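Computed from the coordinates by the stated procedures, all read-outs in this text should not be read as laboratory data. Computed from a prediction, not measured in an experiment: that's the story for all the values here. Cβ coordinates were reconstructed from backbone atoms using ideal geometry, including for glycine residues, and neighbour counts include every protein chain displayed.
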């Protein structure tokens, strides 16, 4: 059995655990009423609305598994490449943030806002999961 296939499930579980830690810490701070941005308590409707946060991590792991199984050249890629990490950081700081900003602005157009984006703004009390 290939080591990468064996590492996918533990990596997914580690990512889910990491996300849950930040969500729990955020909710603990909200419950203590320290470091709050909005003077409101967390409502159960918001928690129910945001409970499907793990779908993104599961889908990303599924895509990784399918890509690794379907594209043989992926197996030849190194686990770490410093030049690649620098390039990704620069791409993220530059064009990715620029595109994300303008895409988010476009979601505030009344046609898209009422159909898709209002769900994001329905969460009044901000948490790490609210932005996903």
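Report the residues of the range 52-77 in range of a label on residue 6: point 7 Å along Cα→C-beta, backbone N strictly under 19 Å from it.
Counting backbone N atoms under 19 Å from the label point, the list is 65, 68-69, 75-76.
Starting with the highest mean, order 78-87, 6-15 by the number of other Cβ atoms within 10 Å, averaged over the residues of each peptide. Don't skip to the end; give the middle numbers.
On the way: 78-87: 8.4, 6-15: 12.9.
Ranking the peptides 78-87, 6-15 by packing returns 6-15, 78-87.
Efficiency by 1/(1 + (r/R0)^6): what FRET value for residue 56 and residue 112, r their Cβ-Cβ distance, R0 = 22 Å, to the nearest 0.05? Don't jump to the answer; show the numbers that get you there.
Details: r = 20 Å, r/R0 = 0.92.
The pair residue 56/residue 112 has a calculated efficiency of 0.65.
May I ask you to derive the FRET efficiency for residue 45 and residue 79 from their Cβ-Cβ distance with R0 = 30 Å, giving the value to the nearest 0.05?
Values: r = 43 Å, r/R0 = 1.42.
With a Förster radius of 30 Å, E is 0.10.
Please sort 67-74, 115-122 by packing, taking for each peptide the average over its residues of neighbouring beta carbons within 10 angstrom, highest first. List each step's numbers first, then the result.
Values: 67-74: 10.4, 115-122: 11.9.
So the order, starting with the most tightly packed, is 115-122, 67-74.
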